[in-house]
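> The structure is given below, and queries will be raised subsequently.
Just so it is clear, none of the values below were taken in a lab; they were calculated from the coordinates. Note that the structure is predicted; figures quoted are calculated from it, not measured. Methodologically, a virtual Cβ is constructed for each residue, glycine included, from the backbone with ideal geometry; neighbour enumeration extends over all protein chains shown.
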Amino acid sequence: MSLHRPTSGYKPAVRLPKGAIDTQMHAYLPGYPAIEGGPPLPVGDLPTPEQYRRFMQWIGIDRVIVTQGNAHQFDNANLLACLRDFGDIAWGIAAVDRQTSEEELDALSAARVVGARVMDLPGGAAGLDKLQEIDAIAQSRGWMVAVQFDGSNILEHEEKLSAIRSRWVLDHHGKFFCGVTPDSPQVAAAKRLIDRGNCWFKFAGAYESSKTGGPDFADVAAVSQSLAAHAPERIVWGSNWPHNLARSQADYPDDAALTDTVLSWFSGEEARHLALVDNPEELFGLKAGGKL
């Protein structure tokens, strides 16, 4: 299936701050096929680090967190290859569990992996049932944990999420598939988790859970603005490139417009600087150990 992913065009009207970090994207290199249990590789041309570097120049991104794609399950070889390709502008989020050897964990850390992924949706390698063991691994390595699930059910998971000891982020605008407002109990739960001091909230992939749809994603905007006002020091941003759920050109977002839309949900330049530079540096431990 053919799908063109633009990597240039008109610039976003909102200028990203120097040092901006994209905290949510995936990249792929040839020679790493999809693994049983996960989804297929993205449709169309393989979205490579080379393509993404052009995307960075277009949008104004300086640094990047590369997340292990579900297609590769617990095989982090493609992630490691992409991190080598990117060099010192990139860090990684790997898929690991208690079956991952200490030798592999050592290799991942040496390759600039700074986090582990929990993906409790179809195709994910490690669900919430593995949260405790993944948190323990992250604690032992000084990593963070990226957690993604259907936020409609956050109340039933709140106790388990409250027990996370590592720094962690609630992914993809919380993915409240049920549809929520700023006054919903699910959003109140997210605020309680953030208030514990080790939880961040990620703006990425608004189109994946919005009921009102684009271009404004008004329902996700209202919730995201409420959370940004509640804890500006706990928000991070990601492009969600290469938009893996897109299966046709009609599904593929206008990245410049999407960037402008989502970044308009911050109160101003200071809040954007926090979300794109300072907050991700703290969440991913880049000030402590990563080259800036």
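> Search segment 86-100 for residues that are touching a residue at least 40 places away in the same chain (Cβ under 8 Å) and surrounded by 18 or more Cβ atoms within 10 Å (Cβ to Cβ) and pair each with any residue that is polar (S, T, N, Q) and assigned to a loop (DSSP other than H, G, I, E, B) when their beta-carbon atoms are under 8 Å apart and the residues are at least 6 apart or on different chains.
Ile93/Gln68; Val96/Asn76
> Still on this structure, please answer the following. Please work out which one of (1) small (Gly, Ala, Ser); (2) under 27 Å from Gly123 (Cβ atoms); (3) part of a helix (DSSP H, G or I); (4) out of contact with any His (no Cβ under 7 Å at 6 or more places or on another chain) is the condition Ala246 fails and give its number.
(3) is the only condition that Ala246 fails.
> Within segment 74-85, is there a residue that is among the charged types (D, E, K, R) and in a helix (DSSP H, G or I)?
Yes.
> Continuing with this model, one more query. Looking at segment 125-142, which of its residues are under 17 Å from the mean Cα position of the chain (by Cα) and either on the phi > 0 side of the Ramachandran plot or in contact (Cβ under 8 Å) with a residue 60 or more places away in the chain (or both)?
The one that is under 17 Å from the mean Cα position of the chain (by Cα) and either on the phi > 0 side of the Ramachandran plot or in contact (Cβ under 8 Å) with a residue 60 or more places away in the chain (or both): Ala125.
> Here are Trp237, Trp200, Trp265, Trp241: which of them is in contact with a helix residue (DSSP H, G or I) (Cβ under 7 Å, 6 or more places away or on another chain), more than 26 Å from Arg54 (Cα to Cα), surrounded by 14 or more Cβ atoms within 10 Å (Cβ to Cβ) and in contact (Cβ under 8 Å) with a residue 60 or more places away in the chain? Talk me through it step by step, then tell me what you get.
Working: Trp237 fails: more than 26 Å from Arg54 (Cα to Cα); Trp265 fails: more than 26 Å from Arg54 (Cα to Cα); Trp241 fails: more than 26 Å from Arg54 (Cα to Cα).
When all the criteria are applied, what remains is Trp200.
> With Ala77, Ala81, Ala71 as the choices, which residue is closer than 16 Å to Ile35 by Cβ, buried (at least 17 other Cβ atoms within 10 Å of the Cβ), more than 18 Å from the chain's Cα centre (by Cα) and of a type in the set (A, V, I, L, M)? Walk me through it before giving the result.
Working: Ala77 fails: buried (at least 17 other Cβ atoms within 10 Å of the Cβ); Ala71 fails: more than 18 Å from the chain's Cα centre (by Cα).
Only one candidate qualifies: Ala81.
> Next question, about the same structure. Which one of these is over 23 Å from Gly285 (Cα atoms), over 18 Å from the mean Cα position of the chain (by Cα), in a loop (DSSP other than H, G, I, E, B) and without any contact (Cβ under 8 Å) to a residue 60 or more places away in the chain: Leu3, Leu29?
Values: Leu3 fails: without any contact (Cβ under 8 Å) to a residue 60 or more places away in the chain.
Leu29 is the lone residue from the list that is over 23 Å from Gly285 (Cα atoms), over 18 Å from the mean Cα position of the chain (by Cα), in a loop (DSSP other than H, G, I, E, B) and without any contact (Cβ under 8 Å) to a residue 60 or more places away in the chain.
> Could you look through segment 249-292, keep only residues that are outside any helix (DSSP H, G or I) and among the charged types (D, E, K, R), and pick out the one that is nearest to Gly92 (Cα to Cα)?
Checking each candidate, the answer is Lys291.
> Check Gly214 against each of (1) within 24 Å of Pro39 (Cβ to Cβ); (2) within 18 Å of the chain's Cα centre (by Cα); (3) free of Cβ contacts under 8 Å to residues at least 60 places away in the same chain and name the one condition it does not meet.
(2)
> Can you find a residue that is buried (at least 23 other Cβ atoms within 10 Å of the Cβ) and either under 25 Å from Gln139 (Cβ atoms) or among the hydroxyl-bearing types (Ser, Thr, Tyr) (or both) anywhere in segment 43-51? I'd like the intermediate steps shown before the answer.
To start, the set of residues in segment 43-51 that are buried (at least 23 other Cβ atoms within 10 Å of the Cβ) comprises 47.
With either under 25 Å from Gln139 (Cβ atoms) or among the hydroxyl-bearing types (Ser, Thr, Tyr) (or both) added as a condition, the list becomes none.
No; the residues of segment 43-51 include none that is buried (at least 23 other Cβ atoms within 10 Å of the Cβ) and either under 25 Å from Gln139 (Cβ atoms) or among the hydroxyl-bearing types (Ser, Thr, Tyr) (or both).
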